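The values are calculated or read from the model by the stated rules, or taken from the named source; none is laboratory data. Predicted, not measured: the structure shown is a model, and the values here were computed from it. Note that each Cβ is placed from the backbone with ideal geometry, even for glycine, and that neighbours are counted across all protein chains shown.
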Amino acid sequence: MDSIIYFENLTFNAAFILYIASSLLFFVYTAKLSEKTGKTAVLLTLGGFILHTAALTLRTIEAGRLPFSNQFEFAASFAWGIVLSFLVLHRIYRFTAIGAFVQPLAFLVMGYASMQSRAIRPLMPALQSHWLTVHVGTAVLSYGAFALACGIAVIYLIDSRREAGRRILKHPEVSDMLSYRVIVFGFFMLTVVIISGAIWAQQAWSRYWAWDPKETWSLITWIIYAVYLHLRIRRNWKGKAAAWFAVIGFISVLFTFIGVNVLLPSIHSYA
């Protein structure tokens, strides 16, 4: 068991270092647009992701369950979801520059995780359910997608203020559309988060909704993105206003994840 803990810490810390290094290279790539630098940054990200996955796998073996039950585990999984979202997007669109705006979020969330207790404790009775995997797993994917959409929206906001020759992307409408597509996926996952949480709450506490601070802020976040999608689909809402909505939505995600745990007493304080 001690060896598993050792290798978990080793792979987690190594992934953290690679994410920092890749973030710095992504910034260099964005400034100089060196293809070699961009490829190296992506390779470092992929290496960090593999080590990160190994750390979470070792944590799963060590705990005898998926790593979803406390602040350290969810933060580590959240960062994993951010990097996964970036790698999938890069695989499809070869949008390397987004790494400069997404990878820093990943290592900052990992930094937050490293400040939390890594102690493994038995699950409280309410958490001993298969709904834990569905509820928290979809939250990881949802939050990771929203982080990615926020990074893309920031690129759009920067490009909208630059002349054509100095833009990160030659066509800002590309980042606008990508942000929208990623938000659609994140919104779908967040909807599953809320529905699965309600079903789980009914089974554990005989009520679907209790207006717990985490529940309330999850709903607020859902409403923000629902308004975004409504305006986008019904009124063809695009451009700066849509980009700012993506940024504000992710700020709400961060408050739901960190702010509620720090500032508001909640039955979700474990995550």
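(1) free of Cβ contacts under 8 Å to residues at least 24 places away in the same chain; (2) assigned to a helix (DSSP H, G or I): which one isn't true of Thr221, the others all being true?
(1)
What number of residues in region 226-252 are surrounded by 13 or more Cβ atoms within 10 Å (Cβ to Cβ) and within 15 Å of Leu178 (Cα to Cα)?
Taking region 226-252 and keeping what is surrounded by 13 or more Cβ atoms within 10 Å (Cβ to Cβ), we get 226-229, 231-232, 237-240, 242-252.
Next, from what is left, pick out any that are within 15 Å of Leu178 (Cα to Cα): 228-229, 232, 237-240, 242-247.
Residues in region 226-252 being surrounded by 13 or more Cβ atoms within 10 Å (Cβ to Cβ) and within 15 Å of Leu178 (Cα to Cα): 13 in total.
For Ala198, are the conditions met, namely being of a type in the set (Gly, Ala, Ser) and either touching a residue at least 60 places away in the same chain (Cβ under 8 Å) or touching a His at 6+ places or on another chain (Cβ under 9 Å) (or both)?
On the way: of a type in the set (Gly, Ala, Ser): yes; either touching a residue at least 60 places away in the same chain (Cβ under 8 Å) or touching a His at 6+ places or on another chain (Cβ under 9 Å) (or both): no.
For Ala198, the condition - of a type in the set (Gly, Ala, Ser) and either touching a residue at least 60 places away in the same chain (Cβ under 8 Å) or touching a His at 6+ places or on another chain (Cβ under 9 Å) (or both) - is not met.
Name the single residue, out of those in region 162-198 being part of a helix (DSSP H, G or I) and of a type in the set (D, E, K, R), that is surrounded by the fewest Cβ atoms within 10 Å (Cβ to Cβ). Don't jump to the end; show me each part of the working.
Within region 162-198, the subset part of a helix (DSSP H, G or I) is 164-166, 172-198.
Still in the list and also of a type in the set (D, E, K, R): 166, 173, 176, 181.
Values: Arg166: 9, Glu173: 12, Asp176: 23, Arg181: 14.
Here the residue is Arg166.
Could you check Leu44 against (1) closer than 25 Å to His135 by Cα; (2) of a type outside the set (Asp, Glu); (3) at pLDDT 95 or above and say which number it fails?
(1)
When you go through (1) modelled with pLDDT of 90 or more; (2) in contact with a helix residue (DSSP H, G or I) (Cβ under 6 Å, 6 or more places away or on another chain) one by one for Leu66, which number turns out not to apply?
(1)
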